[in-house]
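Student: Sharing a structure below in structure tokens format, with a few things to ask.
The values are calculated or read from the model by the stated rules, or taken from the named source; none is laboratory data. As the structure is a computational prediction, the values presented were derived from the model and not from experiment. Note that we place each Cβ from the backbone using ideal geometry, even for glycine, and neighbour counts take in every protein chain shown. Just so you know, the surface numbers come from the protein's heavy atoms only, side chains and all, with ligands and any DNA or RNA stripped out. Shrake-Rupley method; radii C 1.70, N 1.55, O 1.52, S 1.80 Å.
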Amino acid sequence: MESKASEVYFVFMNYDPEYERLRTDRTKPGANNELDLYLSKKHDELLAKTLEGGTYKKTLSLVIVDGFAVEITEDQANVLRSANGVRVVEKNQQLV
């Protein structure tokens, strides 16, 4: 049975030497912007090649860790879990 309800999931990526280099260099002028652009593009490209366009909504890219939040279905989360470069996909949990 296919899941249709979208929920927020956090996706964390495997080790990326370019991310580590940019993160280390972020004290240099303009480096924070370079890191933001790199991660946003990387995450957008992963979603575009893995999921059907218009079926998801990326809500943010995280800089402190190489990851992002995206509104997707449980089935789409399972697809992302097997995507190259993805370490972990976890559903957001509300704290009460």
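Student: Can you find even one residue in region 11-21 that is open to solvent by 40 Å² or more (accessible area, probe 1.4 Å), in contact (Cβ under 8 Å) with a residue 60 or more places away in the chain and part of a loop (DSSP other than H, G, I, E, B)?
Tutor: Yes, region 11-21 has at least one match.
Student: Report whether or not Ser61 is touching a Leu at 6+ places or on another chain (Cβ under 7 Å), hydroxyl-bearing (Ser, Thr, Tyr) and surrounded by 13 or more Cβ atoms within 10 Å (Cβ to Cβ).
Tutor: Yes; evaluated as a whole, the condition is true for this residue.
Student: While we're on this one: Within region 66-96, how many residues turn out to be surrounded by 13 or more Cβ atoms within 10 Å (Cβ to Cβ), without any contact (Cβ under 8 Å) to a residue 60 or more places away in the chain and closer than 15 Å to Phe12 by Cβ?
Tutor: Qualifying residue count for the region: 5.
Student: How many residues does region 31-77 hold that are within 20 Å of Glu7 (Cβ to Cβ) and aromatic (Phe, Trp, Tyr)?
Tutor: Number satisfying all stated conditions: 2.
Student: Name the residues in region 22-38 that are polar (S, T, N, Q), under 12 Å from Val63 (Cα atoms) and open to solvent by 90 Å² or more (accessible area, probe 1.4 Å), would you?
Tutor: Within region 22-38, Thr24, Asn33 meet the criteria.
Student: Still on this structure, please answer the following. Aliphatic (A, V, I, L, M) and modelled with pLDDT of 95 or more: is that true of Leu47 in this structure?
Tutor: Yes, satisfied.
Student: Please identify the pairs in which a residue from region 30-49 that is hydroxyl-bearing (Ser, Thr, Tyr) has its Cβ atom under 8 Å from the Cβ atom of a residue that is open to solvent by less than 90 Å² (accessible area, probe 1.4 Å), counting only partners at least 6 apart or on another chain.
Tutor: Close Cβ pairs (under 8 Å, with a partner that is open to solvent by less than 90 Å² (accessible area, probe 1.4 Å)) amount to Tyr38/Glu18; Tyr38/Tyr19; Tyr38/Leu22; Ser40/Ser61.
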